[in-house]
Structure formats: structure tokens, C-alpha cells
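Q: First the structure, which I've put down as C-alpha cells, then a few questions once you've had a look.
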Amino acid sequence: MKHTQRTALLRLTQAGLIAAMYAVCTALIQPAAYGPVQFRFSEVLTILPVFTPAAIPGLAIGCLVANLYGLSTGANIAGAWDLLFGTLATLAAAFLTYALRHVRIRRWPVLATLPPVILNAVVIGLELTLAYGGMPWYLNMLCVAAGQLAACTVCGLLLFSALDLSGASRILFQTAPGRFDQ
């Protein structure tokens, strides 16, 4: 298999696995994943664009599937709006995370963890305000930002550290020909 074909197949596989992990992790903690105060453990995966561009479509598709699942079970109160705007926010955040992947503070990609925090706080905060109507937008935004900060920045940097220091990132996200080339 040619190197470019192998790379494309590897990236497609990585994107599919990331999408599946995101959707399953969200579905497993369904009560906490939707609503005015939310914590999506799956958002820890938003650090993965630092390692591979395959995470960009993977996160967006995983978010779409998770939001569709939440809508079908009645847990996702933001409804169809979340299918569109939540997924687009995740896609934009993944692109920005990838763009910031080389910006480091003492070898830590701290700034790369912020796009999903900021974009989801604004977009999901607005969705929740429109869906519930109870809390003002800025309070919904702060609640979403708090959950996102915990998942994306704190847990995301822990995942980054585990993948980077163990060398797992080089094995999991390699695209160069290697021992699996046969």
C-alpha cells in the first residue's frame, strides 16, 4: 500500500475511533451530559487535535452522534438546535485547537484547550437559555464554561500528559511508515 493511501486510511480509522469514543462517553453519562449544568467527560478528547488532524472530523461526528442520541432519548433539551450549532461549535473548536497545537506554555498546550471552553460556553449557553428560558444567558454561559474548563483544560491536559510522556501519542497517531506497514 502506498504511503499516502496508508496515511489516509489511518486518519480515517483514527477519526472513526475518536467519534465512537466521544459518542459512547457522552451516552454513558447521559444525565450529566445535557442540561443547564453539564459535564461531558467526552470533552476530554478535545485535546486530541494537538496530536492529529483526524481528531477534527472525529470530534465533530462524535458530537453529532451524541447530540442525536440525546435528542432521541429526550435528554438533550436543546433539541435540533444542538445538532446543528453544538456540532458546528465542536468542529470550529477542533480546528482552532489544531491551529494552536504548537503554542506551548512550558511544553503544555494550555491555549489549545481553550477554544472548546469558549465556543461551547457561548453557543451552548445560548442554546440552554433559549431552551429553558429560566437563567440568563451569561449564567448559562458560566455554567457551561465551568464544566468545559474541568473537562477540556484540567482533564484534557492530564490526557495530554499521559499520552505524551508515555510515548503512546507517537504510537497511536503515527502517520509515517512503520512496523505495521506490511
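Q: List every residue pair whose Cβ atoms sit under 9 Å apart, with the two residues 6 or more apart in sequence or on different chains, where the first one lies in segment 69-80 and is more than 17 Å from C25 (Cα to Cα) and the second, anywhere, is open to solvent by less than 70 Å² (accessible area, probe 1.4 Å) and of a type in the set (V, I, T).
A: That search, which allows pairs on different chains as well, returns A78/I124.
Results for (1) surrounded by 19 or more Cβ atoms within 10 Å (Cβ to Cβ); (2) at pLDDT 90 or above, shown as yes or no for each residue.
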residue	(1), (2)
N120	yes, yes
Y138	no, yes
A151	yes, yes
C155	yes, yes
D181	no, no
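Q: Sort out for me the helices (runs of 4 or more DSSP H) sitting completely within segment 84-182 that have 3 or more residues that are closer than 15 Å to L59 by Cα and in contact with a Pro (Cβ under 6 Å, 6 or more places away or on another chain).
A: Details: elements: 87-99, 114-132, 137-148, 156-166, 168-172.
In segment 84-182, the matching helices (runs of 4 or more DSSP H) lie at 87-99.
Q: Select from segment 28-55 the residues that are open to solvent by 10 Å² or more (accessible area, probe 1.4 Å) and of a type in the set (A, V, I, L, M) and write down the one among them that is nearest to A146 (Cα to Cα).
A: Once the filter is applied, the top-ranked residue is V37.
Q: Out of the residues in segment 15-27 that are of a type outside the set (A, V, I, L, M) and open to solvent by 10 Å² or more (accessible area, probe 1.4 Å), which is farthest from G134 (Cα to Cα)? Steps first, please.
A: At the first step, the residues of segment 15-27 found to be of a type outside the set (A, V, I, L, M) are 16, 22, 25-26.
Remaining after also requiring open to solvent by 10 Å² or more (accessible area, probe 1.4 Å): 16, 25.
Working: G16: 37, C25: 28 Å.
Only one residue tops the list, namely G16.
Q: Given (1) open to solvent by 50 Å² or more (accessible area, probe 1.4 Å); (2) out of contact with any Leu (no Cβ under 6 Å at 6 or more places or on another chain); (3) not charged (D, E, K, R), identify the lone condition not met by L100.
A: Single failed check for L100: (2).
Q: Out of all the residues in segment 28-87, which are of a type in the set (G, A, S) and closer than 21 Å to T113 by Cβ? If you could, list the steps in order and put the result at the bottom.
A: Start the filter on segment 28-87 by keeping residues that are of a type in the set (G, A, S), which leaves 32-33, 35, 42, 54-55, 58, 60, 62, 66, 70, 72, 74-75, 78-80, 86.
A32, A33, S42, A54, A55, G58, A60, G62, A66, G86 - these are the residues of segment 28-87 that are of a type in the set (G, A, S) and closer than 21 Å to T113 by Cβ.
The values are calculated or read from the model by the stated rules, or taken from the named source; none is laboratory data. This is a predicted model, so every value here is computed, not measured. A quick note on method: Cβ atoms are made from the backbone with ideal geometry, for glycine too, and the neighbour counts reach across all protein chains shown. With ligands, DNA and RNA removed, areas are computed over all heavy atoms of the protein, side chains included. Shrake-Rupley method; radii C 1.70, N 1.55, O 1.52, S 1.80 Å.
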